[in-house]
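The values are calculated or read from the model by the stated rules, or taken from the named source; none is laboratory data. All values derive from a computational prediction rather than experimental measurement. FYI the Cβ positions are ideal-geometry reconstructions off the backbone, even for glycines, and counts take in every protein chain you see.
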Amino acid sequence: MKVIETKLKGCFVIEPKVFKDNRGSFFESYNKQKFENAIDREIDFVQDNQSISKKGTLRGLHFQMGEYAQSKLVRVLSGEVLDVVVDLRAKSETFGQHFKLKLSTENKKMLFIPKGMAHGFLTLSEEAIFAYKCDEYYHQASENGILYNDESLQIDWEYPMESVILSQKDRELSKFKELFP
């Protein structure tokens, strides 16, 4: 497994070692001991989630606040997405900055997102199956989000914005500066 820290401290791109032969391929998608050694911290994932989204669907930018903040390990089981993370940690050197990466069936990359970051993704393929592990249970009262097209974040989603499919809830999210003045 190859682990690369992004410009957002504590946020890592994980590239599994893939074994290919005439039958197909095999890779270890998660090994607690190797994973924790690579990111140099203990993580106790307690919930797995999965979504299926059609092309142009944008989910996010979501996060949970306070004691229910979540670290996530995200990956694509089928298809391709543009994954985006925004640093919400006020004392961080990269506060308010974002990192983005294409995750796909083909590249098999995963992204570890520590607590204190907002997360979202945009489906680029006809359909994508997206899976993620969380180290804290979903807690509705702690749920929050930032509007995906907030000008202050300057996120280029690399997709025609007039074609984006959003939930009503995601259309009504707050702007970054409203939540973090």
- prompt: Ala90 fails exactly one of the following numbered conditions: (1) part of a strand (DSSP E or B); (2) surrounded by fewer than 23 Cβ atoms within 10 Å (Cβ to Cβ). What is the number of that condition?
  reply: (1)
- line: Within the range 93-123, residues charged (D, E, K, R), over 10 Å from the mean Cα position of the chain (by Cα) and part of a strand (DSSP E or B) come out as Lys102
query: When you look at Tyr159, is it in contact with a strand residue (DSSP E or B) (Cβ under 6 Å, 6 or more places away or on another chain), closer than 30 Å to Met1 by Cα, among the hydroxyl-bearing types (Ser, Thr, Tyr) and modelled with pLDDT of 95 or more, yes or no?
result: no
message: Quick check on Leu82: is it under 30 Å from Val164 (Cα atoms), of a type in the set (A, V, I, L, M), without any contact (Cβ under 8 Å) to a residue 60 or more places away in the chain and outside any loop (DSSP other than H, G, I, E, B)?
response: no
- prompt: farther than 20 Å from Ile129 by Cβ, in contact with a Ser or Thr (Cβ under 8 Å, 6 or more places away or on another chain) and in a helix (DSSP H, G or I), is that true of Glu67?
  reply: yes
- prompt: Just one of the numbered conditions (1) surrounded by fewer than 16 Cβ atoms within 10 Å (Cβ to Cβ); (2) touching a strand residue (DSSP E or B) at 6+ places or on another chain (Cβ under 8 Å) is not true of Glu172; which one?
  reply: (2)
